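The structure appears right after this line, and notes come after that.
The values are calculated or read from the model by the stated rules, or taken from the named source; none is laboratory data. Bear in mind the structure is a predicted one, so any value in this text is a computation, not a measurement. A quick note on method: Cβ atoms are made from the backbone with ideal geometry, for glycine too, and the neighbour counts reach across all protein chains shown. SASA here: full protein model, heavy atoms, side chains in, ligands and nucleic acids out. Shrake-Rupley method; radii C 1.70, N 1.55, O 1.52, S 1.80 Å.
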Amino acid sequence: MLFIFRHCTTGLPSDVTIEVEEMTFNLHKFPLLSRSGLLEKLIEELSNEEGSVSVLKLNDMPAGAKAFELVAKFCYGIKIEITSSNVVSLRCAAEYLRMTEDYGEGNLIVQAEAFLDEVFGSWTDSIKALEACEEVLPFAEEIHIVPRCIDSLAVKAFADPNVFNLPVAAQPDAQSKGDVILWNGISSSANKPQPIGEDWWFQDVSFLNLPLYKRLILAVESRGMKPETISASLIYYAKRYLPLLSRQSSSDHASNANPGETISFPSETDQRVILEEIVTLLPNKKGVTSPRFLIMLLRTAMVLHASPSCRENLEKKAGAQLDQAVLVDLLIPNMGYSVETLYDIDCAQRMLDHFMSLNQDAALSTPPCIVEEGHFLGGPDTLQPLTMVASLVDGFLAEVAPDVNLKPSKFEALAATIPDYARSLDDGVYRAIDVYLKAHPWLNDTEREHLCRLMNCQKLSLEASTHAAQNERLPLRVIVQVLFFEQLRLRTSVSGWFYVSENLDNSQKSFWKP
């Protein structure tokens, strides 16, 4: 083992040797005894009658040899620089060595505490101090430095960042592209403060390890932080450490790192832990987190083999907001061990079932009736989420229908989950059925007729009816139904035209009658 020797230039030979990690310090007893209660006790226990040099091993020293070197200098009266980066380790080391006022006025504990009070007045310094806690976490917890740092940051997250020494680099330059030069080089926005959004603190806290970041998020949440802001911070943190999220989002950068900054992503095991914690921290309020991001998280959870409860949680959160999703969100690649279909139909079915369980009861309380093509009578606001999801599901069915491995039972189950009254027109489900029949020409007449029961021939538009009447892939019975309802609609339209014409003639005669 390699030892590094430190000799203090006092002119006297050292009479105590202290070993910390791989470093050896040759020191003198008196300066140490006058400042540290622990060293006084240990030196007394190891002293012998011959007065030989004592050897002490401080295996539990907080922050190791680096911190002890500063402590030793302090004991010798050498001025040391206390900073926001080393104050935590010094404070923990001073506590461990019992450097109280009983061993000299203005001892290290008092000086470190005084400096911590200054640190807590600055956002940047508080962040550095909290990051430093990671190295001496058990000691920092014991003397309550960690909760004090978190409380300090939680308070500042609500306030104007300019008050707490936020680096000015976070604000746009005064001479930005949006500035207009009015006269004599004076900018129109020269005297206007540049606004800083609610996300100004996201990047700073993203450097924290997961346990500390989680505690900070819980702290700001308990103080009343808006769920939207909490969700946005969680999204920022997740994208920083989960590379699959950024790959799924073409509009985002590869990571949240600054230009030129290199990030080493955690292992897959650590990524899985981060993802599962992020999911538990997401606010439960509907609409706070977009369904797109929730489904991106779900895809990542599948790749990382997250726990079933995590995936179920994400499916329910995304399913509750399915009316805000778009088609590309539902196209989740199948990642099961026995891959049958290209896309995960079962996952889409579970999200749809959860949406229907939350919305069907409200819709049934105000059942609509169709009065004309494409319009509802009664409860349009209540039915709007259902109609949006119906359109989404019809588009999804048409997208997955060409998959030759998609069984009719799964296709039917997904389509039948949407109630008939949720579709103002059945053109979308007809198109999906037609695509499915084209990709599965081996289906017999019974199977084709069973599929066609998913659509209501009476609710096809004129264009769709014309196409269906000439569609050789449809069973004959369905084509006859389409022609029947088309004739009925034509007869109704003609009767209505004659009725309007007759009323118009009568009104004109009565108007001109003397």
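Of these, Leu476, Leu451, Leu490, which one is open to solvent by 90 Å² or more (accessible area, probe 1.4 Å) and modelled with pLDDT of 85 or more?
Being open to solvent by 90 Å² or more (accessible area, probe 1.4 Å) and modelled with pLDDT of 85 or more holds for just one of Leu476, Leu451, Leu490, which is Leu476.
Out of all the residues in segment 328-355, which are under 22 Å from Ser246 (Cβ atoms), in contact with a Gly (Cβ under 9 Å, 6 or more places away or on another chain) and either hydrophobic (A, V, I, L, M, F, W, C) or open to solvent by less than 10 Å² (accessible area, probe 1.4 Å) (or both)?
The answer is Leu330, and nothing else.
Could you tell me how many of the residues in segment 61-76 are more than 42 Å from the chain's Cα centre (by Cα) and without any contact (Cβ under 8 Å) to a residue 60 or more places away in the chain?
Count: 4.
Assess whether Ile230 counts as being in contact with a Pro (Cβ under 7 Å, 6 or more places away or on another chain), at pLDDT 95 or above and part of a helix (DSSP H, G or I).
yes
Are any of the residues in segment 437-444 crowded, with 20+ Cβ neighbours inside 10 Å, of a type outside the set (Gly, Ala, Ser) and in contact (Cβ under 8 Å) with a residue 40 or more places away in the chain?
Looking for residues that are crowded, with 20+ Cβ neighbours inside 10 Å, of a type outside the set (Gly, Ala, Ser) and in contact (Cβ under 8 Å) with a residue 40 or more places away in the chain, one finds none in segment 437-444, hence no.
Using beta carbons and a limit of 8 Å, which pairs, at least six apart or on different chains, have the first residue in segment 15-42 and hydroxyl-bearing (Ser, Thr, Tyr) and the second one surrounded by fewer than 16 Cβ atoms within 10 Å (Cβ to Cβ) and assigned to a loop (DSSP other than H, G, I, E, B)?
The qualifying pairs are Thr17/Val53; Thr24/Phe3; Ser34/Gly104.
Output the residues belonging to segment 13-33 that are open to solvent by 50 Å² or more (accessible area, probe 1.4 Å) and assigned to a loop (DSSP other than H, G, I, E, B).
Result: Pro13, Asp15, Glu21, Glu22.
Read through the list (1) touching a helix residue (DSSP H, G or I) at 6+ places or on another chain (Cβ under 7 Å); (2) at pLDDT 95 or above, then give the number of the only condition that Asp199 fails.
All conditions pass for Asp199, except number (2).
One line per residue, one yes/no per condition, for (1) open to solvent by less than 10 Å² (accessible area, probe 1.4 Å); (2) touching a residue at least 24 places away in the same chain (Cβ under 8 Å):
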| residue | (1), (2) |
| --- | --- |
| Ala93 | yes, yes |
| Tyr96 | no, yes |
| Met99 | yes, yes |
| Glu105 | no, no |
| Phe115 | no, yes |
| Val119 | yes, yes |
| Trp123 | yes, yes |
| Glu135 | no, yes |
| Phe139 | no, yes |
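Which members of segment 24-61 meet the condition of being among the hydroxyl-bearing types (Ser, Thr, Tyr), over 19 Å from Arg98 (Cα atoms) and modelled with pLDDT of 90 or more?
Matches in segment 24-61: Thr24 only.
Somewhere in segment 77-91, is a residue in contact (Cβ under 8 Å) with a residue 24 or more places away in the chain and of a type in the set (Lys, Arg)?
Taking every residue of segment 77-91 in turn, at least one turns out to be in contact (Cβ under 8 Å) with a residue 24 or more places away in the chain and of a type in the set (Lys, Arg).
Scan segment 141-181 for residues that are open to solvent by 90 Å² or more (accessible area, probe 1.4 Å), over 30 Å from Asp60 (Cβ atoms) and modelled with pLDDT of 50 or more and report the count.
Final tally of qualifying residues: 3.
Within the group Ala363, Ala415, Ala398, which residue is crowded, with 17+ Cβ neighbours inside 10 Å, at pLDDT below 90 and either of a type in the set (Gly, Ala, Ser) or on the phi > 0 side of the Ramachandran plot (or both)?
Just a single option satisfies the conditions, and that option is Ala363.
Which ones in segment 198-222 are in contact with a Leu (Cβ under 8 Å, 6 or more places away or on another chain) and open to solvent by 10 Å² or more (accessible area, probe 1.4 Å)?
Trp200, Lys214, Leu218, Ala219
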